[in-house]
Amino acid sequence: EDEEEVAEVGWQEKLFSQFEVDLYLNESACQTPLDWQYHEEIQKLEKAGGRKNCRIFTYTDHDRFTNLEELCQKVTDLDHEVPSYLVERMANVRRRRQDRRPVEASSLKSKIITWEPSEEFIKNNHVINTPVQTMYIMGDLGPYGKLGNRKYENVLCTIKVDGNGVITVKPDFTGTKGAYRIEVDGEKREVWEYTIENASAQVKPEEEEREQRVFRDLYGRHKDYLSGLVGTDFEMPLPGTLRLFINGEIVSAQGYEYDNLYVHFFLELPNQWSSSPFQQLSGVTQICATKTVGWENVAYFCYPFTVEMFYTQEDEDSLPQWPVLYFEVLSLDFWQRYRVEGYGSLVLPASPGVHTLTIPTWRPVGLGTVAEMRRFFIGGSPELEDLTYIRIPSTFKGKRLSRLGFRTETTGSVTFRLYCLQQSKAFLENSALRQRMQSVLDRLGGFSQQSSVYNVLEAFQRARRRMQEARESLPQDLINTSASAV
């Protein structure tokens, strides 16, 4: 009970230890302006009767201990840790950047890239971190009557406040958890217990309301500032029009027979779809060599493309046909012989967001072995004159499309990554008025119904095929008997 001590410490409040009192009373030990400031404060304390605290003291953000503590922090819990090269280099970067000036908007616009950075600039900007102020509450746990020995100093609590106003207290306030314990190795094996309590005064309701008003005013002005930087001159599509942005990427092609692949693609726009005259609706990737990944040879293209299209609604009851991306994969060898490796098509996703799609491909096969020998020795292979033959051609007007006798072979697959954005005035009106979706354009906001219609039709066709296969597998006498019974 004789060793009990209670201290109420404010934020960045300096409580001197016995070691600091003995150190800073000596004028020869004072070198920096901070040392002289502590010298004057300790002299005033001595004249007023000495310091009130005994074992509990603090290190503020400006003290030498704070710099050394952040510089010498260990990465692992080993006693004899050998710091790596990265740890040594990062030790020079202080997380607490108090002297850093805020970047103004004018300089941010004019100087985005620093072409000739100085060493100090690299050191200060190497790590992206918010500025942090730190404070340590310490305890001098030395033997009674022998205070002031640095080896008996122990960190009781670390308090950090970052630039966002987040306060971190480590260890946490004890509350009902019980006291923390520290074992000290010395002449006697002593155990110290301490508790940490939040002694801050409760904010009055009128002060809290005043603070909230200040915050709302600050956030409102910041919002107006950002709005002024962004501007309001956004181009809106006409009523009854949908604008579709596709930021796409041909990621890779895998599973093909030959090396040095490239992809030729083009986009077909159905009726009621249009694009600007300068919009490029076709493209060719670079030639890419394959690498072995697992059991397959993969060519990574990472070829980006951007498409902007407009859909103009004419009939509210009709579902729009979605644009289709046709593509063919070709290979080119050392002797400049090219071969068609596969054809495929992709219906653009009807819902906005990120879509990663892997499309299987096929290629035409000629009759007999002569065509394959020609493909192997001199290159060339059967090709499609019209790539829309992959799906139902746009020029086809009949009821049935027959491909009897057309021989194909399954080849590899191509992976696409599509970032789809949709813009329409109907979306804005619906979100503002919360009205019931009436037109097709309204229903295109969020999840389009076209994808669901496609899914229903495909499920119906699969069920119909299964019923036909089950009927064909039954014995004929059973079918005839059941038919006569009916």
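Which ones in region 180-201 are open to solvent by 90 Å² or more (accessible area, probe 1.4 Å), charged (D, E, K, R) and in contact (Cβ under 8 Å) with a residue 24 or more places away in the chain? Within region 180-201, Glu187, Lys188, Glu197 qualify.
From the list Thr232, Thr168, pick out the single residue that is loosely packed, with under 11 Cβ neighbours inside 10 Å, farther than 30 Å from Trp322 by Cβ, without any contact (Cβ under 8 Å) to a residue 12 or more places away in the chain and among the hydroxyl-bearing types (Ser, Thr, Tyr). If you could, list the steps in order and put the result at the bottom.
Details: Thr168 fails: loosely packed, with under 11 Cβ neighbours inside 10 Å.
Of Thr232, Thr168, the one residue that is loosely packed, with under 11 Cβ neighbours inside 10 Å, farther than 30 Å from Trp322 by Cβ, without any contact (Cβ under 8 Å) to a residue 12 or more places away in the chain and among the hydroxyl-bearing types (Ser, Thr, Tyr) is Thr232.
Of the strands (runs of 3 or more DSSP E) lying entirely inside region 236-319, the ones with 3 or more residues being surrounded by 12 or more Cβ atoms within 10 Å (Cβ to Cβ) and either free of Cβ contacts under 8 Å to residues at least 12 places away in the same chain or among the hydrophobic types (A, V, I, L, M, F, W, C) (or both) are found at 241-254, 261-268, 296-312.
As for region 404-416, it holds no residue that is loosely packed, with under 10 Cβ neighbours inside 10 Å and of a type in the set (S, T, N, Q).
Are any residues in region 359-380 within 17 Å of Gly412 (Cα to Cα) and open to solvent by 80 Å² or more (accessible area, probe 1.4 Å), and if so, which ones? Hit for region 359-380 is Pro360, nothing else. Residues in region 239-254 that are at pLDDT below 90 and out of contact with any Phe, Trp or Tyr (no Cβ under 9 Å at 6 or more places or on another chain): Pro239, Gly240. I'd like to check something: does region 325-333 contain any residue that is under 27 Å from Ala426 (Cβ atoms), at pLDDT 90 or above and crowded, with 16+ Cβ neighbours inside 10 Å? Yes, that holds for at least one residue. A single member of Leu332, Leu421 is closer than 24 Å to Gly248 by Cα and under 38 Å from the mean Cα position of the chain (by Cα), and it is Leu421. If I ask for residues that are touching a residue at least 24 places away in the same chain (Cβ under 8 Å) and among the basic types (Lys, Arg), which ones from region 347-383 would you list? Matches in region 347-383: Arg363, Arg375.
Of the residues Gln37, Gln12, Gln31, the single one that is over 29 Å from Glu197 (Cα atoms), in a loop (DSSP other than H, G, I, E, B) and within 51 Å of the chain's Cα centre (by Cα) is Gln31.
For the condition loosely packed, with under 11 Cβ neighbours inside 10 Å, free of Cβ contacts under 8 Å to residues at least 24 places away in the same chain, assigned by the TED database to the domain that holds Thr60 and not hydroxyl-bearing (Ser, Thr, Tyr), what is the one hit in Lys204, Lys177?
Working: Lys204 fails: assigned by the TED database to the domain that holds Thr60.
After applying the criteria, what remains is Lys177.
The single condition from (1) out of contact with any helix residue (DSSP H, G or I) (no Cβ under 7 Å at 6 or more places or on another chain); (2) open to solvent by 60 Å² or more (accessible area, probe 1.4 Å); (3) not basic (Lys, Arg) that Gly398 fails is (2).
The values are calculated or read from the model by the stated rules, or taken from the named source; none is laboratory data. Keep in mind that this is a model prediction, so the values were computed, not measured. Using ideal geometry, Cβ is built from the backbone for each residue, glycine included, and neighbour counts are taken over all protein chains shown. Just so you know, the surface numbers come from the protein's heavy atoms only, side chains and all, with ligands and any DNA or RNA stripped out. Shrake-Rupley method; radii C 1.70, N 1.55, O 1.52, S 1.80 Å.
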